[in-house]
Each structure stands twice: as structure tokens, then as C-alpha cells.
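We did not get these values from a lab; they are worked out from the coordinates using the rules stated. Just so we're clear, the structure is a prediction, and the values are computed from it rather than from any experiment. No Cβ is skipped: glycine too gets one built from the backbone with ideal geometry, and neighbour counts run over all protein chains shown.
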Amino acid sequence: MDLKDYIRSIKDYPKKGILFRDITTLIKNETAFEETINQIVDRSKKFKVDKIAAIESRGFVFASAVSYILKKPFIMLRKKNKLPAEVHSVDFELEYGTATIEVHKDSISENDSVLIIDDLIATGGTAEAAAKLIEISKGNIAAFIFVINLFDLGGCHNLLKKGYKVENLMDFPGH
């Protein structure tokens, strides 16, 4: 099954000049979604993983299913002011703005090996912020797994240069 067949491309969203890769067409097809989860699970078995983290919000769709299958705790990396207890916060640059993500301080223990899952990587700013959150929490990054890599925007390359392990299921140009 070619998962690329289930990704819809939308021109000029969320702003002019962006070609948005839409995963809703993938997750609404039960066979394509199952195959996506199975591929993520298979790739995650290459790494020692104590916990699975995902970046809000589309990463939650994939990571929660993988967490369930692998029987590993699921950690939510959320937008600012969405978590009720004490948090670590990291500010970062987006392709078209700035943002903050947070994690509960008690979500990750020292030396936990954390797999980070997200739907897509573009420039890598969000992924790097996620890594900082794990590291601030004294955890280690097992690897990143992305469903889609926008290869010409350099995010995976930047993570690899920083020494992180990176996997992705499919590649698309970013624009």
C-alpha cells in the first residue's frame, strides 16, 4: 500500500504559498490508518523506548495508538496553558510564527528513553522544541518518527545533524 495515495495536498493553506499535506484523508481510511500505525510500530521496535510522546495535536492521533499497541505510557506535549499541573516550557519558531509547547514536570523520569511521534516535519522547529522538553525533564530521545517529511525544508536533516535518530514513513516536497 502506498500511503502517499492517502495524503491530500491543499494549495495556499494556511497561507498563500504553502502546500499543506493533509493527513485527514489518511486517518479516515481504516486500512491506510492501520498500515500507518503498523509501520510506526515496526520502526519503533528499532529503539529502546520507555515512553511515547507526541506533539499536539495531530501527533496524538498516531502516538496514542502506538502507545496502546506497545503498552508504553503516552506523554502529551501541548500548547501553552493547556496542561493543569506544573510544566516545563519551550518557546520556538514556526515556519509562519512562534509558539510554546509544554510538558508536565512529572511526565518523564530521569533517563527515560522517549520516542517522539508527529504527523509531519517541516523545518524542525517544533521537533527541536519537543526534544528540549524531554531533555529539560532529564529524559533521553530514543528517536523521532514522522508520518511525513517535507524533505526540502530540512527538518529531518537538522535533527540528524544534532545527533538524533529520525525515521519517517514518506517524503513530500515542502512547497
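Things worth noting here:
- Helices meeting the span-like rule in the chain (full DSSP H runs, Cα extent of at least 20 Å along the helix axis, mean Kyte-Doolittle score of -1.0 or higher): 30-44.
- From phi via Karplus (6.51, -1.76, 1.60), per-residue ³J(HN,Hα) for segment 152-159 in Hz, x at Gly/Pro: 7, 8, x, x, 4, 4, 4, 5
- Segment 148-165 and segment 69-107: distance between their alpha carbon centers, rounded to Å: 20 Å
- Which label in (i) 16.2; (ii) 18.3; (iii) 18.9 gives the computed Kirkwood radius over Cα pairs in Å: (i)
- The chain, relative contact order in percent, only Cα pairs under 8 angstrom and at least six apart counted: 19 percent
- Sorted by Cβ neighbour density within 10 Å, fewest at the top, the residues ARG8, ARG43: ARG8, ARG43
- ASP112 long-range amide H proximity, modeled H, under 5 Å: ASN140
- Antiparallel bridge percentage (DSSP; both residues within the chain; nearest 5): 40 percent
- Global form of segment 82-155, assessed from the alpha-carbon gyration tensor, a/c cut-off 1.5: oblate
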